[in-house]
Amino acid sequence: MDSTRDKRGKTEEEFLREYDVTQYFRPSVTVDALLYYPVRENEIKLLMIKRGGHPFIGTYAFPGGFVEKDEPCEVAVRRELEEETNITGVPLRQLVTVSTPERDPRWRNITVVYGGRLSLLPKAAAGDDAASAKWFDVRRDGNRLYFSCDGEAFTSTLDIVRDEFGDIDLNNTKIVERGSTAFDHAKVVLYLFASLEKEEK
């Protein structure tokens, strides 16, 4: 059999011409920018935006949004960061991809989270669908996260599950007390703290 043809006798050109993209479920892809400044062990400053629209309106999330059709995730996250906070030119590196099926009430949205460890705090100015953009003081104490900024304070509590490598299992860890965090972002903050702890060892 001609190796350029598949078992049905089709060339790649024929296969692609007849390919039905609707035969598989198609989740959406989002990106999130997790900008932070380490203060001391188990304490960081973290950039968060107040959501101006549904879902989770009025709660805090990472700057982020949907990846456009012809856009790599690396470009999308920088675009979203600039649109929502007016921050540009910061170093971003992929931290983790979160694919928990129920993480977003709108649809099956898989998010690629990019971390940016900073040595200075750039000024953030809310834009696009962000109602505000603030640098929160965030402290971790075991399975609790304490957020505070400008007189506003809240706590997120998590039921931590670890995977076979001893790392935080983002899919099975549960948010027991959300506080004012949106989506599963409290879990990602906890994951960041665990990653920083590993770096220090």
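The values are calculated or read from the model by the stated rules, or taken from the named source; none is laboratory data. Being a predicted model, the structure only gives us computed values, none of them experimental. Methodologically, a virtual Cβ is constructed for each residue, glycine included, from the backbone with ideal geometry; neighbour enumeration extends over all protein chains shown. In case anyone asks, the SASA skips ligands and DNA or RNA and just uses the protein heavy atoms, side chains included. Shrake-Rupley method; radii C 1.70, N 1.55, O 1.52, S 1.80 Å.
Per the Debye calculation on segment 53-118 with a single equal scatterer at every Cα and no solvent contribution, log₁₀ I(q)/I(0) for q = 0.19, 0.22 Å⁻¹ amounts to -0.84, -1.11. Note: relative contact order over the chain, using C-alpha pairs below 8 Å and six or more positions apart, is 21 percent. This structure gives P(r) over Cα pairs in 10 Å bins from 0, in percent, computed directly, and of (1) 8, 29, 28, 21, 11, 3, 0; (2) 8, 35, 39, 16, 1, 0; (3) 8, 32, 33, 13, 8, 5, 1, 0 that value is listed as (3). Loop-located GluC sites (Glu not before Pro) across segment 139-186 with a Cβ neighbour count of 15 or fewer within 10 Å are E164, with loop assigned by DSSP. Taking chymotrypsin sites (Phe, Trp or Tyr not before Pro) across segment 132-201, the ones in a DSSP loop with at most 12 further Cβ atoms lying within 10 angstrom of their Cβ are F165. For the chain, the longest principal axis of the C-alpha atoms and the axis of helix 185-200 are separated by about 80°. With all protein chains in place and a 1.4 Å probe, the accessible surface of the chain carries 47 percent carbon and sulfur.
At 1.4 Å probe size, with every protein chain present, just tell me what the per residue accessible area of segment 48-179 comes to in Å². Counting only protein heavy atoms, the per-residue value for segment 48-179 is 54 Å². Net charge within 15 Å of K45 by Cβ-Cβ distance, Lys/Arg positive one each and Asp/Glu negative one each, not counting K45 itself? Once positives and negatives cancel, what remains is +1. Restricting to lysines 8 or more places apart or on different chains, can you count the pairs in the chain with Cα atoms under 14 Å from each other? Value for the chain: 5. With Rh defined as the Kirkwood radius, the inverse of the mean 1/r over Cα pairs, the Rg/Rh of segment 10-54 is 1.39.
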